[in-house]
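Undergrad: The structure under discussion is supplied below as structure tokens; questions concerning it will follow.
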Amino acid sequence: MQTLIRALFCLALLCHTGLLLYISFAPPGTELASFEELRPDAVNHMAANYILALLLLGLLPRCPPLLLAVLLLIAGAGVELLQGRLGRSASAGDLLANAAGIGLALLPVLVAGLSQGLSQGLSQGLSQGRAGLRGQDGEKTGRPDGT
């Protein structure tokens, strides 16, 4: 079953990436390249990068989320630079919208990881504190050094 889910994530990622690349590099005025008529361009960038980040999170669960975010931002910057060289407009606003979409997708993962790390750290700190309050024979002494 996991193989099927992984294959579906791969297929969705390929389709989504192919559509994004076509839209990104299609000449101005091309039907699919003119999504601006439907929504503001920033919303399109946010949505596209949100979906892309979610697909990659599902496909690469062991990849650190911050590394994934950096790689997606580098790819987005590359697309913007290429668009500028191909007669389309390159925009820092588009890159910012990309970052917002990536951030929204990764936020739950980062918060869950932070929460898990804090609870593990708190648990370890409490257990170490309890161990320090016991003497060498295991008797509670009330002092960290066990005396």
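Undergrad: Using θ = phi - 60° and the Karplus form 6.51 cos²θ - 1.76 cosθ + 1.60, what ³J(HN,Hα) does each residue of the range 98-106 get, whole Hz, x for Gly and Pro?
TA: Going residue by residue, I get 4, 4, 5, x, 5, x, 5, 6, 8 Hz, with x marking Gly and Pro.
Undergrad: Sticking with this structure for a sec: Taking the number of other C-beta atoms within 10 Å as the exposure measure, put 6, 88 in order starting with the fewest.
TA: Ranking 6, 88 by Cβ neighbours within 10 Å, fewest first, gives 6, 88.
Undergrad: Work out from phi, with θ = phi - 60° and the Karplus expression 6.51 cos²θ - 1.76 cosθ + 1.60, the ³J(HN,Hα) of each residue of the range 9-21, listed in order in whole Hz, and give x for Gly and Pro.
TA: Rounded to whole hertz, the list is 4, 4, 4, 4, 5, 4, 5, 5, 5, x, 5, 4, 5.
Throughout, read-outs are computed from the coordinates displayed, never taken from laboratory work. In this text, all values refer to a predicted model and were calculated from it rather than measured experimentally. With ideal geometry, Cβ positions are generated from the backbone for all residues, glycine too; neighbour counts draw on all protein chains shown.
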